[in-house]
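Participant: Mind looking over this structure? Questions follow.
The values are calculated or read from the model by the stated rules, or taken from the named source; none is laboratory data. Quantities reported herein were computed from a predicted structural model and do not represent experimental measurements. Here the Cβ is made from the backbone with ideal geometry for all residues, glycine too, and neighbour counts use every protein chain on show.
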Amino acid sequence: MASPPGAVQAKSTQKKRCPSCAGLYPFDYRVCPKDRTPLEVHLGDDDDSLIGDVLAGSFCIIGVIGEGGMGRVYEAEHVRLPRKYAVKIVAPELANSAEALGRMEREAQAAARIVHDNVLNVVDVVRARDGRPCLVTELLQGEELGVMLERVRKLPVKDAVDIARQVCRGLSAAHAQGIVHRDLKPENLYLCQLDDGARRVKVLDFGVAKMTDGANLTRMGTVVGTPAYMAPEQARGAPDVDGRADVYGVGAVLYRLVTGQPPFDGDDPARTLARVVMDQPRRPREIDPTIPDQLEIIILRAMAKSPAQRLASAADLEKQLALFADSLNPPVAAPVSAPVSMPSSAQAPIPPSYPHSPSHPHAQHAHSQQPYTPRAGASKGHSPLIANVAVIVAALTMVLTDVVFEALFPKPKSLAPVLYLAALALAIGAGIGTLVIASRNR
């Protein structure tokens, strides 16, 4: 089929495929750049009739990204914009399956209603040339959490909690739209590496999601989800599953991240479902004693058998994990400087030569010393001496006045009494003035 004008030509060069993460890489690559797994020659693209097709006149299929039981995921380029997308297409043998088509429709409807950084962004829903529905989404760069766990088994507590918190935020956005995921597991979580080095978690695959507005296509009593991470009410086929089932799912995934094993596991799905309903999982600290007590409590509360005993929502679980994360990184307190005594407006500043001054060479613990103030009663001790001196000065003045008067006026004259009284008054005034000055200095 001829491509319309402006279409990007399909890439026909042979590629290599990683058997671990299913990623496709140039033929000259020897190992996977993500996990160092030896690459295999990929022959699938040449046999895929969709390679080179342009969907809805906009999305040119250029290669295969991955493959699962429901179909394939392709890489596509926009024919008019320099952008790449992922296209999920139902397998040809399931093109007439009502269940497969219903799941694709459910995923498209659910994911398209959620706009959040931690949820896969749905761009469009189109049809292939044979009529199969195609889900066009953003193209992610990174690694599936399930693939990472196959390589590292478990994660450090800090990383595990960060992943769980991001999942909670994405689920909170879904629950706000009345959507319950119901199939949380490491394989449905994708770790994207951002340009700044940060890691962003994306919640994938809303194919078995329940919509509280009636858009749920699952029959009553049908068990949906993955047994190892499924909430007990889901395992019983309860029709009233709500967001608390996803709270359980986050707790189960977090259990797997920090212990290195799922809470319930086994080759027999029916036996695993029975254990989910009847048994309690091993305490995480029994598996790994280094797991903090507080984190174990949060995990087990999220995984309570009864929904009523769990944290009420994904937002509540995120808050508890945030408090725990803060306890791992307590804020660094600023250094506290010693208090400095500043003189008030009524006190004179301490002179540099004062022994308790910080600049004095013999100053010790200067910050604990109080500004110098005279001892109580120190000035009062000098008051009697000053008063006595004033009286003596007044008396001497009077005597000298009498002597001078007698020398000047040996015989009584008419002006003698007047001058004598004036000199006496001057002597008394001098004595009183001295007393006043002394009282002000107390």
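Participant: Pairs under 6 Å by beta carbon, first residue within 18 Å of Arg106 (Cβ to Cβ) in the range 116-140, partner in a loop (DSSP other than H, G, I, E, B) and not basic (Lys, Arg), six or more apart or different chains?
Facilitator: Here the result reads Leu120/Leu204; Val126/Ala56; Arg132/Ala95; Cys134/Ala128; Thr137/Leu120, each pair linking the range 116-140 to a residue that is in a loop (DSSP other than H, G, I, E, B) and not basic (Lys, Arg).
Participant: Out of the range 302-315, which residues are assigned to a helix (DSSP H, G or I) and crowded, with 16+ Cβ neighbours inside 10 Å?
Facilitator: Narrowing the range 302-315 to residues assigned to a helix (DSSP H, G or I): 302, 307-309, 314-315.
Scanning the range 302-315 gives Ala302, Pro307, Ala314, Ala315.
Participant: Could you check the range 276-300 and list, in sequence order, the residues that are free of Cβ contacts under 8 Å to residues at least 40 places away in the same chain, more than 19 Å from the chain's Cα centre (by Cα) and outside any loop (DSSP other than H, G, I, E, B)?
Facilitator: Of everything in the range 276-300, those that are free of Cβ contacts under 8 Å to residues at least 40 places away in the same chain, more than 19 Å from the chain's Cα centre (by Cα) and outside any loop (DSSP other than H, G, I, E, B) turn out to be Met278, Pro284, Arg285, Glu286, Ile287, Asp293, Glu296, Ile297.
Participant: Would you please name the residue that is nearest to Leu191 (Cα to Cα), looking only at residues in the range 37-46 that are assigned to a loop (DSSP other than H, G, I, E, B) and at pLDDT 75 or above? Talk me through it step by step, then tell me what you get.
Facilitator: Taking the range 37-46 and keeping what is assigned to a loop (DSSP other than H, G, I, E, B), we get 37, 39, 43.
Next cut, at pLDDT 75 or above only: 37, 39.
Working: Thr37: 18, Leu39: 21 Å.
Filtering first and then ranking leaves Thr37.
Participant: Restricting to strands (runs of 3 or more DSSP E) lying wholly in the range 89-197: which have 3 or more residues that are among the hydrophobic types (A, V, I, L, M, F, W, C) and under 30 Å from Asn329 (Cα atoms)? Steps first, answer last, please.
Facilitator: Values: elements: 122-127, 133-138, 142-144, 189-193.
Counting at least 3 such residues, we get 189-193.
Participant: In addition: Leu254 - would you say it is in a loop (DSSP other than H, G, I, E, B) and either crowded, with 16+ Cβ neighbours inside 10 Å or not basic (Lys, Arg) (or both)? Lay out the reasoning, then the answer.
Facilitator: On the way: in a loop (DSSP other than H, G, I, E, B): no; either crowded, with 16+ Cβ neighbours inside 10 Å or not basic (Lys, Arg) (or both): yes.
Criteria not met by Leu254.
Participant: Now a separate question. I'm trying to understand the selection: among the residues of the range 147-202, which are closer than 19 Å to Ile298 by Cα, surrounded by fewer than 18 Cβ atoms within 10 Å (Cβ to Cβ) and more than 21 Å from the chain's Cα centre (by Cα)?
Facilitator: Correct list: Lys154 only.
Participant: Separate question: Looking at the range 170-198, which of its residues are in contact with a strand residue (DSSP E or B) (Cβ under 8 Å, 6 or more places away or on another chain) and either β-branched (Val, Ile, Thr) or at pLDDT below 90 (or both)?
Facilitator: Within the range 170-198, Ile179, Val180, Gln193, Leu194 qualify.
Participant: Another question, then. Say we look at the range 203-240 and pick out the residues that are of a type in the set (D, E, K, R) and surrounded by fewer than 17 Cβ atoms within 10 Å (Cβ to Cβ); which of these is modelled with the highest pLDDT?
Facilitator: So the residue we want is Arg236.
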